[in-house]
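The values are calculated or read from the model by the stated rules, or taken from the named source; none is laboratory data. Keep in mind that what you see is a predicted model, and the values were worked out from it rather than measured. FYI the Cβ positions are ideal-geometry reconstructions off the backbone, even for glycines, and counts take in every protein chain you see. Ligands, DNA and RNA are excluded from the accessible area calculation, which covers all protein heavy atoms including side chains. Shrake-Rupley method; radii C 1.70, N 1.55, O 1.52, S 1.80 Å.
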Amino acid sequence: MNSNQLYFDLLMLSFPWDIERVTWNMQEGHIDVFVSHRKSVKMACPECGDLVSIHDHTKERSWRHLDTCQLHTIVHASIPRVRCKCHGVLQVEVPWAGPHARFTMLFERFAIDVLKRCNQTKAAEILGLSFDEVHHIMQRAVSRGLLRRETIAATHIAVDEKAYKKGHSYFTVVSNLDEGIVLDLQDDRKQSSLDAYFESLTEEEKSSIEAVCMDMWEPFARSVSSQLKNPESKIVLDRFHIAKHMGEAVNEVRKHEHRYLLGQGDKTLTGSKYLWLHNEENIPDEKRAGFDIIRTLVNKTARAWAIKEMLRTLWSYRSKAWARKFFDRWYSWAIRSRLEPVKKVAKMIKNHLTGILNYFDHRLTSAGAEGINSRIQAVKVAARGFRTKEGFKTAIYFHLGGLDLYPAAS
Ligand SMILES: [Zn+2]
C-alpha cells in the first residue's frame, strides 16, 4: 500500500476525494497530507443536496489530524465551491471536518475522549494544543450536543444552586433525577432563574413534571408555585439538603463548645471537626474508639450529633403517617435541646414539613441530587477552579449533560 492509499483510508475518504500527495517533514516533525478531488465531477449543494457543478475553490485551508507515525499530521485542501441554481455559490461540506473546524472529525473525537478523562490543562498537554484550543473543542462539542437535544423536561427534576467562586456569583442547576444528568444552567439563584427554565418548556412538558427535589430556598419554591400546577404536592425537600443544614448546626455547636473548653484549658475537641461531619456508619474504623470517648466528654456537641443522626431515620419509614409521628417526637427532643443552632434548623424543618413528607409520595432518593452535586464539585476540583463562569458551565454540560458531543460521522 502506498502512502496515498494509506492516508485515503486513514481519513476515511471516498470518491470523488483523492490524496494528491503526502510530504514527510521528519526534521520539523510533521506530515502534510494534501487532499484534492477528481476533475470534472459534480458535488452536492450543502443546502439542497443536488449534484451541481464546481464553480471555484477556496484558498488552501488546513486541519490538524490525529498523529500518524508519531508525527503531527496536517490535512490541507482548497475547498470546492459549487454553483446551485437555487442557492447560489456555496462551499461544499468536506467529509473529514465540520464547517469552520480547525481539526478533522477524527481528531475532535479523540480530543473529546481525552477531555472526558482529564482536565483541560492535561488534555492540552496530551493533544499538543493550547488551553484555548482545547476549550474551543469543548465548547463546540457542547453546542453541538445542546442543539441535538430533544427535550429538557423530565418526570423528576432536582433544582440546586452552585457558586462559581466561593460565596458569590451563583447559578441555578436543573437536573433530571432519573437519568442523573444536568438539563439546564441559569445565571443567579433567583425566582426568575428557575422561571427561565420552566418558561423554556411547552405546557405539556411542564405538566409532565411530577416532583421537584430542592433545598429550603424560597425563590425556587416561589418559582415552582407560580409555574406548576399543584405545587404543594410536587416540591420535595430532599434529605441531602436537610442533612447539610443539620451538619452545619452540629458544626456551630462544636465550635461554640470548643471555644468554651479551650477557655478552661481543655483540648478534647481540638482537631475533631471532620469526625463530627461523619454519619454514624461512615466513621473510619481507626477513629471509632476515639470518637466514642470524645462523645462521652463533650456533652453539647455529642447531643447535637445524636439529634442529627436521629433525624436521618425519618426517611426509613414506610408510611407517611408514621414518619410524621416520628417527626413530632424528634422535634420535641430537638427543640428542648437548649442548643440554639439545632433549634433554629429544627424550626426551619418544621416550617417545611409538607415538602419533607412529600418524599413518601414520590420516593425520590437523595442519591440523585447528592450525586449530581458531588459530580459538579468534582468537575470544579479537577479543573482547579475555572477562569470564567461560562467555562465552568461548559464543563458541567460537557461532563454531566448526557449530551451527544461527537461530530457527525461522514
Ligand atoms: Zn442547492
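Residue-by-condition table, conditions (1) of a type in the set (S, T, N, Q); (2) at pLDDT 95 or above; (3) outside any helix (DSSP H, G or I):
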position: K325; (1), (2), (3): no, yes, no
position: D328; (1), (2), (3): no, yes, no
position: G355; (1), (2), (3): no, no, no
position: L364; (1), (2), (3): no, no, yes
position: A369; (1), (2), (3): no, no, no
position: N373; (1), (2), (3): yes, no, no
position: K380; (1), (2), (3): no, no, no
position: H399; (1), (2), (3): no, yes, no
position: S410; (1), (2), (3): yes, no, yes
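Pull out all pairs, ordered by first then second residue, where Cβ-Cβ is under 6 Å, the residues are six or more apart or on different chains, the first lies in the stretch 72-87 and is open to solvent by 70 Å² or more (accessible area, probe 1.4 Å) and at pLDDT 95 or above, and the second is of a type outside the set (V, I, T) and more than 14 Å from the ligand (Cβ to nearest atom). Filtered contacts from the stretch 72-87: R81/D56.
Here's the yes/no breakdown for (1) at pLDDT below 95; (2) surrounded by 15 or more Cβ atoms within 10 Å (Cβ to Cβ); (3) closer than 24 Å to D160 by Cβ:
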position: V236; (1), (2), (3): yes, yes, yes
position: H278; (1), (2), (3): yes, yes, yes
position: P284; (1), (2), (3): yes, no, no
position: T301; (1), (2), (3): yes, yes, no
position: K320; (1), (2), (3): yes, no, no
position: Y331; (1), (2), (3): no, yes, no
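So is H100 surrounded by fewer than 17 Cβ atoms within 10 Å (Cβ to Cβ) and either more than 16 Å from the ligand (Cβ to nearest atom) or more than 36 Å from the chain's Cα centre (by Cα) (or both) or not? For H100, the condition - surrounded by fewer than 17 Cβ atoms within 10 Å (Cβ to Cβ) and either more than 16 Å from the ligand (Cβ to nearest atom) or more than 36 Å from the chain's Cα centre (by Cα) (or both) - is met.
Could you please let me know if R259 is at pLDDT below 95, buried (at least 21 other Cβ atoms within 10 Å of the Cβ), assigned by TED's automatic domain parsing to the domain that holds I307 and over 25 Å from W315 (Cα atoms)? No, not satisfied. Here the stretch 65-90 is the region considered, the condition is being closer than 29 Å to L129 by Cα and in contact with a Leu (Cβ under 8 Å, 6 or more places away or on another chain), and the residue that is nearest to the ligand (Cβ to nearest atom) is V75. Every listed requirement among (1) in contact (Cβ under 8 Å) with a residue 24 or more places away in the chain; (2) within 13 Å of the chain's Cα centre (by Cα) is met by S169 save one, (2). Of all residues in the stretch 127-163, those satisfying the criterion of being in contact (Cβ under 8 Å) with a residue 12 or more places away in the chain and part of a loop (DSSP other than H, G, I, E, B) are G128, L129, R149, T151, I152, A153, A154, T155. Once the stretch 206-225 is narrowed to residues that are closer than 9 Å to H156 by Cα and of a type in the set (A, V, I, L, M), the residue that is surrounded by the most Cβ atoms within 10 Å (Cβ to Cβ) is V212. Only a single item in (1) more than 30 Å from K380 (Cα to Cα); (2) of a type outside the set (D, E); (3) exposed (fewer than 12 other Cβ atoms within 10 Å of the Cβ); (4) away from the ligand (no atom under 16 Å from the Cβ) is not met by V94, and it is number (3). Go through the stretch 33-54 and report how many residues are within 16 Å of the ligand (Cβ to nearest atom), open to solvent by less than 30 Å² (accessible area, probe 1.4 Å) and under 30 Å from N2 (Cα atoms). Within the stretch 33-54, residues that are within 16 Å of the ligand (Cβ to nearest atom), open to solvent by less than 30 Å² (accessible area, probe 1.4 Å) and under 30 Å from N2 (Cα atoms) number 1.
Checked against the criteria, V212 does not count as assigned to a strand (DSSP E or B) and more than 21 Å from the chain's Cα centre (by Cα). Scanning for something surrounded by fewer than 17 Cβ atoms within 10 Å (Cβ to Cβ), within 21 Å of the chain's Cα centre (by Cα) and without any contact (Cβ under 8 Å) to a residue 12 or more places away in the chain, does the stretch 103-115 turn up at least one residue? Looking through the stretch 103-115, at least one residue is surrounded by fewer than 17 Cβ atoms within 10 Å (Cβ to Cβ), within 21 Å of the chain's Cα centre (by Cα) and without any contact (Cβ under 8 Å) to a residue 12 or more places away in the chain. Among the residues of this structure, G180 does not count as one that is at pLDDT below 95, open to solvent by 40 Å² or more (accessible area, probe 1.4 Å) and on the phi > 0 side of the Ramachandran plot.
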